[in-house]
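See below for the structure under consideration.
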Amino acid sequence: MPFSIPESADVVIVGAGHAGGAAALTLRELGFSGSIAMVGAEKHLPHHRPALSKEALQVADWKLVTLATAKEFEDRDVALLRSDPVVKANADLQLLTLASGRNLKYGKLVIATGAAPRRMAGQFHPARHVLRTFEDATSIRRAIRQDSKVVVIGGGPIGLEAAASLRHQVAEVTVVEAAPRLMARCAPADMANALAALHEANAVQVLLSSPVASFTTNGDQVSVDLASGASVLADIVIEGLGVAPETMLAEMLGLSVSNGIVVDDSYRTSDPSVYAIGDCATPAGGRQETWSHAETSARAASRSLLGMTPEPAPVLYFWSDQYGSRLQVAGDPAGATDYGLRGRARLYIRDSRITAVAALDAPRDFAAARRLIGQPA
């Protein structure tokens with residue numbers, strides 16, 4: 001029979017987001033028959049986050065897209081404890097204490113606590129928003145007026161998707177980026193430049209090399225004051241400055257932490273009974289804040305936990321949808337010294353090997369080019 005409030009579980013998953021939910025479902029898919037409990041701070045079922053910066057900002061009655069229904073988790077004997085975060089942990093006793101006061105023992109622990117949005121310093125103002133949760137998206141959507149002026153701070157995927165989603169709902173959108181180009185951490189320069197041109201073609205002002213110095217309150221509005229001395233007045237400010245990994249539980253357990261929870265190729269931490277997956281995990285190649293990494297890290301940890309041989313490491317991949325266009329990037333384009341084409345897909349070459357591919361609005365060419373990663377140029 002399914003259990004709802006266990007005192008212990010063979011596997012406890014802390015974090016009921018995409019990675020945590022994927023881990024629970026994958027363990028059952030791979031044949032694990034032991035008990036599983038999943039603990040989450042959010043009230044929602046595990047769900048997909050990409051749409052929060054897209055459809056969720058545009059559709060008033062938009063509903064979360066969950067990995068599975070509550071009944072489907074129950075049918076798989078996965079106990080769900082939502083809105084009840086971990087507040088204490090004892091590694092020696094393998095014991096977690098939840099905010100409700102409930103204690104929960106674990107045999108194996110999977111940490112999938114994700115990450116929290118970075119915030120700029122300055123006094124709180126209701127016009128200032130972040131975009132990470134369903135509630136964040138709902139708050140922004142409710143604040144939108146046709147005459148609103150929106151300033152998006154940060155030219156990464158979330159900020160640019162939000163700008164694209166809001167552009168035709170509000171009067172003005174300005175993207176402010178401290179770096180000399182957009183998407184500096186995740187997309188090659190040529191693709192970032194193409195996206196900048198796409199935003200400008202849709203009447204979005206893009207201010208590069210423009211770090212924010214401060215905010216000044218002006219009634220219901222906020223003045224975003226730049227280091228250059230210029231200012232941009234906003235009714236809505238979206239701070240898309242990236243995220244910081246949630247490592248509090250790892251620190252309570254004494255795990256190795258360095259810009260996330262340090263893990264090996266199997267996503268095992270410095271404690272062999274504990275795994276970390278998703279946005280909070282730092283494998284050898286560095287943290288990855290993508291939908292695909294939530295899936296692949298959950299699968300790798302599940303296989304390791306069951307003593308199964310590891311699968312080949314997947315190629316890094318992400319996509320971003322803006323104005324009906326889709327950017328796709330696979331592999332690592334950093335340090336490329338040569339370039340090529342496969343149809344409309346761009347090939348990035350380093351040391352005479354194809355290390356990455358990228359494409360804008362060319363999904364078939366991208367799919368074909370993606371298979372070339374790792375091959376001689």
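The values are calculated or read from the model by the stated rules, or taken from the named source; none is laboratory data. It should be emphasised that the depicted structure is a prediction, and the values quoted were computed from it without experimental measurement. FYI the Cβ positions are ideal-geometry reconstructions off the backbone, even for glycines, and counts take in every protein chain you see. Protein only, heavy atoms only, side chains kept; ligands, DNA and RNA dropped before computing areas. Shrake-Rupley method; radii C 1.70, N 1.55, O 1.52, S 1.80 Å.
Side notes on the structure shown:
- Selection count where residues are outside any helix (DSSP H, G or I) and of a type in the set (D, E, K, R), scope segment 34-81: 8
- Tally of residues being small (G, A, S), buried (at least 24 other Cβ atoms within 10 Å of the Cβ) and touching a Gly at 6+ places or on another chain (Cβ under 8 Å) across segment 10-39: 5
- For segment 102-115, the condition holds for no residue, the condition being that it is in contact with a helix residue (DSSP H, G or I) (Cβ under 9 Å, 6 or more places away or on another chain) and either part of a helix (DSSP H, G or I) or exposed (fewer than 15 other Cβ atoms within 10 Å of the Cβ) (or both).
- Close pairs (8 angstrom Cβ cut-off, 6 or more residues apart or separate chains): over 17 Å from A162 (Cβ atoms) and of a type outside the set (A, V, I, L, M, F, W, C) in segment 205-219, in a strand (DSSP E or B) and open to solvent by 60 Å² or more (accessible area, probe 1.4 Å) anywhere: T216/S231; N218/L233
- Being within 25 Å of G154 (Cβ to Cβ) and either modelled with pLDDT of 95 or more or not polar (S, T, N, Q) (or both) holds for only one residue in V65, V39, and it is V65.
- Given (1) touching a residue at least 60 places away in the same chain (Cβ under 8 Å); (2) touching a Gly at 6+ places or on another chain (Cβ under 8 Å), number of the condition V175 does not satisfy: (1)
- Out of R299, R268, sole residue that is free of Cβ contacts under 8 Å to residues at least 40 places away in the same chain and of a type in the set (K, R): R268
- Residue pairs meeting the criteria (Cβ under 8 Å; at least 6 apart or on separate chains; first within 19 Å of M308 (Cα to Cα), in segment 22-41; second of a type in the set (F, W, Y) and surrounded by 17 or more Cβ atoms within 10 Å (Cβ to Cβ)): A24/F73
- Cβ-Cβ under 7 Å pairs, at least 6 apart or on other chains, segment 62-75 side under 14 Å from H44 (Cα atoms) and touching a residue at least 60 places away in the same chain (Cβ under 8 Å), far side open to solvent by less than 50 Å² (accessible area, probe 1.4 Å) and part of a loop (DSSP other than H, G, I, E, B): L64/H44
- The listed residue being of a type in the set (V, I, T) and either more than 30 Å from S270 (Cα to Cα) or surrounded by fewer than 16 Cβ atoms within 10 Å (Cβ to Cβ) (or both), out of V78, V87: V87
- Checking E72 against (1) open to solvent by 60 Å² or more (accessible area, probe 1.4 Å); (2) touching a helix residue (DSSP H, G or I) at 6+ places or on another chain (Cβ under 9 Å); (3) on the phi > 0 side of the Ramachandran plot, the condition it does not meet: (3)
- All positions within segment 215-231 that are modelled with pLDDT of 95 or more, within 24 Å of D136 (Cα to Cα) and of a type in the set (G, A, S): S223
- Residues being more than 20 Å from the chain's Cα centre (by Cα) and crowded, with 19+ Cβ neighbours inside 10 Å - total across segment 179-193: 1
- Residue satisfying all of: in segment 232-252; within 19 Å of G159 (Cβ to Cβ) and open to solvent by 30 Å² or more (accessible area, probe 1.4 Å); modelled with the lowest pLDDT among these: L241
- Test: residue in segment 43-58 that is closer than 28 Å to A137 by Cα, surrounded by fewer than 18 Cβ atoms within 10 Å (Cβ to Cβ) and out of contact with any Phe, Trp or Tyr (no Cβ under 8 Å at 6 or more places or on another chain): yes
- Odd one out for T113 among (1) over 27 Å from the mean Cα position of the chain (by Cα); (2) hydroxyl-bearing (S, T, Y); (3) closer than 16 Å to E251 by Cβ: (1)
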